[in-house]
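Contents: one structure, followed by commentary.
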Amino acid sequence: MRQKLVAGNWKMNGSKASIKELLDGIKKGIGDVVSAEVAVCPPFVYLADVEAQLTGTPVVWGAQNLSTEEKGAFTGEVAASMLNDFGCKYVIVGHSERRSLYGEDDALVATKFRVARAAGLKPILCIGESLDEREKSITNEVVARQIGAVIDLEGVSALTDGVIAYEPVWAIGTGKTATPEQAQEVHQFIRQRIAEKDASVAEKVQILYGGSMNAANASDLLAQSDIDGGLIGGASLKAEDFLTICRAAG
Ligand code: 13P
């Protein structure tokens, strides 16, 4: 039985005050979340605040990106060792916003996966097709290529050191969620694809769904056999909505 994971990707949102209020709310309700793991991924500058407020609670945290470099003259970048310094368990790699707005390609994302893993962080590898790719019926090819880049670099067993998040680009921030059947179909394809290389890795690896998951649609999505949790954007910024999703995960 795979444990479910619900991770909030706060993206570039929040202030010291709003984050304190959000975390206070999450901490108050987290006792009702029975078995799912709960994580939040704030912007880098708030990691110290989040660490201070969540240490000693069941909620874990991570970052939204990392550098491929260890240290040195890389202005504006943040190294894996720095994320460890602030107690991060997870780091998101290859989010579609990084791919589309900042030119991150499969090779760079795979390198980020490698660097995170080598540092003992759990990479949350985001994959997913654009609307155009879905309409061209090449969703499976796209996600297979995106995962393949990591498998080619690190080997299939490396996938169990991280988490996969299937986030159809057309569902992110649009309010247009994939139906539970649409999501399950792709999750099942991803798992089968991994099983062709290693059945036990496929059985173990957590595959999260992301893209307009919210308090109203979470339980139907999470009931699908290959959906092992969620990567939540907008709905992770409100404690009550986020907790509703976490409770739906078990
Ligand atoms: P939304 O939940 O706002 O659609 O964002 C999903 C996402 O991109 C999480 O990484």
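The values are calculated or read from the model by the stated rules, or taken from the named source; none is laboratory data. Treat the numbers as computed from the prediction; the structure is a model and nothing was measured. Methodologically, a virtual Cβ is constructed for each residue, glycine included, from the backbone with ideal geometry; neighbour enumeration extends over all protein chains shown. We work out accessible area using only protein heavy atoms, side chains counted, and drop any ligands, DNA or RNA first. Shrake-Rupley method; radii C 1.70, N 1.55, O 1.52, S 1.80 Å.
Every residue, every condition in (1) more than 30 Å from residue 55 (Cα to Cα); (2) at pLDDT below 95; (3) of a type in the set (Lys, Arg), yes or no:
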{"residue": "83", "(1), (2), (3)": "no, no, no"}
{"residue": "88", "(1), (2), (3)": "no, no, no"}
{"residue": "136", "(1), (2), (3)": "yes, no, yes"}
{"residue": "140", "(1), (2), (3)": "yes, no, no"}
{"residue": "145", "(1), (2), (3)": "yes, no, yes"}
{"residue": "149", "(1), (2), (3)": "yes, no, no"}
{"residue": "156", "(1), (2), (3)": "yes, no, no"}
{"residue": "175", "(1), (2), (3)": "yes, yes, no"}
{"residue": "184", "(1), (2), (3)": "yes, no, no"}
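Kindly indicate which of 202, 239, 158 is free of Cβ contacts under 8 Å to residues at least 12 places away in the same chain and in contact with a Lys or Arg (Cβ under 9 Å, 6 or more places away or on another chain). So that I can check it myself, show each step before the final result.
Details: 239 fails: free of Cβ contacts under 8 Å to residues at least 12 places away in the same chain; 158 fails: free of Cβ contacts under 8 Å to residues at least 12 places away in the same chain.
Just a single option satisfies the conditions, and that option is 202.
Here is a check on your reading of the model: is residue 201 β-branched (Val, Ile, Thr) and touching a strand residue (DSSP E or B) at 6+ places or on another chain (Cβ under 7 Å)?
Values: β-branched (Val, Ile, Thr): yes; touching a strand residue (DSSP E or B) at 6+ places or on another chain (Cβ under 7 Å): no.
When the stated conditions are applied, residue 201 does not pass them.
Those residues that are more than 11 Å from the ligand (Cβ to nearest atom) and open to solvent by less than 10 Å² (accessible area, probe 1.4 Å), I need them from the stretch 195-221; list them, please. Show your work before the answer.
Just the residues of the stretch 195-221 that are more than 11 Å from the ligand (Cβ to nearest atom), to begin with: 195-207, 215-216, 219-221.
Correct list: 201, 202, 205, 207, 221.
Of all residues in the stretch 114-125 being at negative phi and not in a helix (DSSP H, G or I), which is surrounded by the fewest Cβ atoms within 10 Å (Cβ to Cβ)?
Initial filter on the stretch 114-125 (at negative phi): 114-119, 121-125.
If we keep only those that are not in a helix (DSSP H, G or I) too, we end up with 119, 121-125.
Numbers: 119: 18, 121: 24, 122: 20, 123: 30, 124: 29, 125: 27.
Per the stated criteria, the residue is 119.
Could you tell me which residue of the stretch 62-113 is farthest from the ligand (Cβ to nearest atom), considering only residues that are open to solvent by 60 Å² or more (accessible area, probe 1.4 Å) and aromatic (Phe, Trp, Tyr)?
Only one residue fits best here, namely 74.
Only one residue in 242, 189 is within 11 Å of the ligand (Cβ to nearest atom) and either surrounded by 19 or more Cβ atoms within 10 Å (Cβ to Cβ) or in a helix (DSSP H, G or I) (or both), so which one is that? Can you show your working first?
Working: 189 fails: within 11 Å of the ligand (Cβ to nearest atom).
Matching residue, one of 242, 189: 242.
Cβ contacts < 7 Å: first residue touching a residue at least 24 places away in the same chain (Cβ under 8 Å), restricted to the stretch 129-142; second residue of a type in the set (Phe, Trp, Tyr), any location; separation 6+ or different chain. Result?
From residues that are touching a residue at least 24 places away in the same chain (Cβ under 8 Å), the pairs are 130/170; 131/170; 134/170; 140/189.
Given 128, 234, which one is within 16 Å of the ligand (Cβ to nearest atom), in contact with a Pro (Cβ under 6 Å, 6 or more places away or on another chain) and under 15 Å from residue 96 (Cβ atoms)? Walk me through how you get there before you give the answer.
Values: 234 fails: in contact with a Pro (Cβ under 6 Å, 6 or more places away or on another chain).
Result of the check over 128, 234: 128.
Those residues that are open to solvent by 60 Å² or more (accessible area, probe 1.4 Å) and either among the small types (Gly, Ala, Ser) or touching a Gly at 6+ places or on another chain (Cβ under 9 Å) (or both), I need them from the stretch 170-182; list them, please.
Answer for the stretch 170-182, where residues must be open to solvent by 60 Å² or more (accessible area, probe 1.4 Å) and either among the small types (Gly, Ala, Ser) or touching a Gly at 6+ places or on another chain (Cβ under 9 Å) (or both): 173, 174, 175, 176.
Quick one: count up the residues across the stretch 222-231 that are acidic (Asp, Glu) and within 16 Å of the ligand (Cβ to nearest atom).
Taking the stretch 222-231 and keeping what is acidic (Asp, Glu), we get 226, 228.
Checking which are within 16 Å of the ligand (Cβ to nearest atom) leaves us with 228.
The qualifying residues number 1.
Table: residues versus (1) hydroxyl-bearing (Ser, Thr, Tyr); (2) out of contact with any strand residue (DSSP E or B) (no Cβ under 6 Å at 6 or more places or on another chain); (3) within 22 Å of residue 119 (Cβ to Cβ).
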| site | (1), (2), (3) |
| --- | --- |
| 18 | yes, yes, no |
| 23 | no, yes, no |
| 58 | no, yes, no |
| 69 | no, yes, yes |
| 74 | no, yes, yes |
| 85 | no, yes, yes |
| 88 | no, no, yes |
| 95 | no, no, yes |
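Give the number of residues within the stretch 91-113 that are outside any helix (DSSP H, G or I) and touching a Leu at 6+ places or on another chain (Cβ under 7 Å). Working first, answer last.
Taking the stretch 91-113 first, the residues outside any helix (DSSP H, G or I) are 91-95, 102-105.
From what's left, touching a Leu at 6+ places or on another chain (Cβ under 7 Å): 91, 93-94.
Result for the stretch 91-113: 3.
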